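Comments concern the structure below.
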Amino acid sequence: MINREELLSQGDIKSKEIALNLMEETIRSADPYEAVKRALKVEDNMLIIKEKEFPIKGKIYVLAFGKAACSMAQAVEEILDDKIAEGIAVTKYGYSLPLKKIKVIEAGHPIPDENSMKGAHLGVELAKKVGENDILLVLISGGGSALFMLPEDGISLEDKMKTNELLLKSGAKIYEINTVRKHISKVKGGKLAKLVKGTLISLVLSDVVGDPLEAIASGPTVKDPTTFQDAYRLLKLYNVWDKLPQSVKRHIELGIEGEREETLKEDLPNVHNFLIASNSLACEAAKRKAEELGLNAYILTTTLEGEAREVAIAFGSIIEEIYHRERPFKRPCVLIAGGETTVTIEGEPGLGGPNQEFALSIARKIAGLKGVAVLAMDTDGTDGPTDAAGGLVDSYTLEVLRKKEGIDVEEFLKRHNAYEALKRAKALLITGPTRTNVNSIVIAVIL
């Protein structure tokens, strides 16, 4: 349930209301249940996915993992019904839905836990059951990398969790983090696909900038272009290598020497992957909605990356140029961007996430620009390890923080404590679980 009343209790209410309406449209467009319904059909004992037909000769098994696993699985149950022999869905705590034939396991995200391993173990067992005439339908969404986690032999859960934590705090991009994850996992980097004798069909919701299939949930059903050497290089680049558990370092060193199995390097004829929802489609939905409201709308990029607070300054500079000089676009207008910014943690951090940090940072640039509001959110409803999706700031936010709350914004940004600052400014965006995940989105309304 969106905290709409609180967000619209002060400031540039009209601009903020438009931003919230556009945000809701992006969430609807990325609804995993609807995405599966659009993509998957059954006719005359044929499974049809985006015009491609697959004959149903044997059993159909379902394996779902990610934040949208249950919504996707629910749609599959409705479409396939009694054709499903068995299924497993692994999702984030609080994201489960009641399913009839598919067993649900809730697990840890962004830090994996015992249930992440349990879900992956059961998933591997399910994959091995698939006979030559059977179909394994794999439903993949963002968060799958942590939720469906099975370390290579010799690497403990604790060592995997420590590695994951170090990577998340390093400032590395998601695809870089996944390069490492794939090389210490039994299921990522196409290794799950290697276990399947029958037909494997994956329906994928992208949470990775640019939608490279090999990076989404660390590509368990896709060939992988990265190597052990790439993983080593990235760990050194982000100053993580020397902090790694010894078991992880040893496994990567043995991999470089050719003593450990590499990820899948070739397309398998029995494996078929389909992208059914993405950040780009969500941005396009926001643009259409803005135009319906009579506003000029522009998608600046769907590959937004970089340090959250710095990207926010650049984005805010574009807003200032439009506001004062009406270039490159005339007011009133809406700017839309999608992607995934990062936060590099130094020292003991406060509470927040990249979108909250983006919102707090851009509040400095739009201060005093009446009629301007900026919404930054993670489409899954949880930005970083918090209960907030992001932030919604306007031309008054900075003044509220400084004068009413006595907050030094620069200090809060330095300590990565955006959550507390936005909360006190009534600018914290709470949506609850959206059960989808197609990266982050930024919506700027300039009236």
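In order along segment 2-7, the Karplus-derived 3J(HN,Hα) couplings, from 6.51 cos²θ - 1.76 cosθ + 1.60 at θ = phi - 60°, round to 6, 7, 4, 4, 5, 5 Hz, and Gly and Pro are given as x.
Packing, taken as the mean count of other beta carbons within 10 Å per residue, orders the peptides 417-429, 323-335, 77-89 from highest to lowest as 417-429, 77-89, 323-335. A Cβ-based charge dipole, computed about the Cα centre of segment 187-273 with Lys and Arg at +1 and Asp and Glu at -1, lands at about 240 debye. Taking Cβ atoms as reference points and 13 Å as the exclusive limit, the residues near residue 405 contribute a net charge of +2, counting Lys and Arg as +1 and Asp and Glu as -1.
Remark: segment 297-447 carries a charge dipole of roughly 720 debye about the Cα centre, counting +1 on each Lys and Arg Cβ and -1 on each Asp and Glu Cβ. Note that segment 92-97 has calculated 3J(HN,Hα) couplings of 6, 3, x, 10, 6, 9 Hz, one per residue in order, obtained from phi through the Karplus relation 6.51 cos²θ - 1.76 cosθ + 1.60 (θ = phi - 60°); glycine and proline are x.
Binning all Cα-Cα separations of the chain at 10 Å, short to long from zero, yields these whole-percent fractions: 5, 22, 30, 24, 15, 5, 0. Split the accessible area of the chain by element, probe 1.4 Å, and carbon with sulfur accounts for 48%.
Summarising the amide proton neighbourhood of residue 93: residues at separation of 5 or more, or on other chains, whose placed amide H is nearer than 5 Å comprise 107, 109. Largest first, the extents of the alpha carbon coordinates of segment 16-158 on the three principal axes equal 53, 44, 24 Å.
Taking the Cα-to-Cβ direction at residue 424 and at residue 236 and moving 7 Å from each Cα, how far apart do the two end points lie in nm? According to this spin-label approximation, the distance is 4.4 nm. For residue 194, which lysines qualify as cross-link partners when the Cα separation must be under 20 Å and same-chain residues fewer than eight apart are set aside? Here the lysines satisfying the reach criterion relative to residue 194 are 59, 118, 128, 129, 182, 186, 223, 265. Subtracting the Cα-Cα distance of residue 197 and residue 132 from 0.36 nm times their residue separation leaves 22.9 nm of extension gain. Entry comment: accessible area of the chain is 39 Å² per residue, from protein heavy atoms only and a probe of 1.4 Å. Computed about its Cα centre, the charge dipole of the chain is approximately 280 debye, with only Lys, Arg, Asp and Glu carrying charge at their Cβ. The equivalent ellipsoid that matches the C-alpha gyration tensor of segment 328-447 spans semi-axes of 21, 19, 12 angstrom, in descending order. Amide H contacts for residue 304 (H built 1.01 Å from N in the peptide plane; partners 5 or more residues away or on another chain; cut-off under 5 Å): 338, 339, 340. Normalised by residue count, segment 1-93 yields a Cα convex hull volume of 118 Å³ per residue. The listed peptides 105-114, 39-48, ordered by packing as a protection proxy, come out as 105-114, 39-48 (highest mean of other Cβ atoms within 10 Å first).
Computed from Cα positions, the angle between helix 157-170 and the longest principal axis of the chain comes to roughly 30 degrees. Using equal-weight Cα scatterers in the Debye expression, the normalised intensity of segment 41-96 in log10 at q = 0.19, 0.20, 0.27 Å⁻¹ is -0.70, -0.76, -1.11.
The values are calculated or read from the model by the stated rules, or taken from the named source; none is laboratory data. Model, not experiment: these values are computed from the prediction. Please note: Cβ atoms are built from the backbone with ideal geometry, for glycine as well, and neighbour counts cover all protein chains shown. Surface accessibility is based on the protein's heavy atoms, side chains included, excluding ligands, DNA and RNA. Shrake-Rupley method; radii C 1.70, N 1.55, O 1.52, S 1.80 Å.
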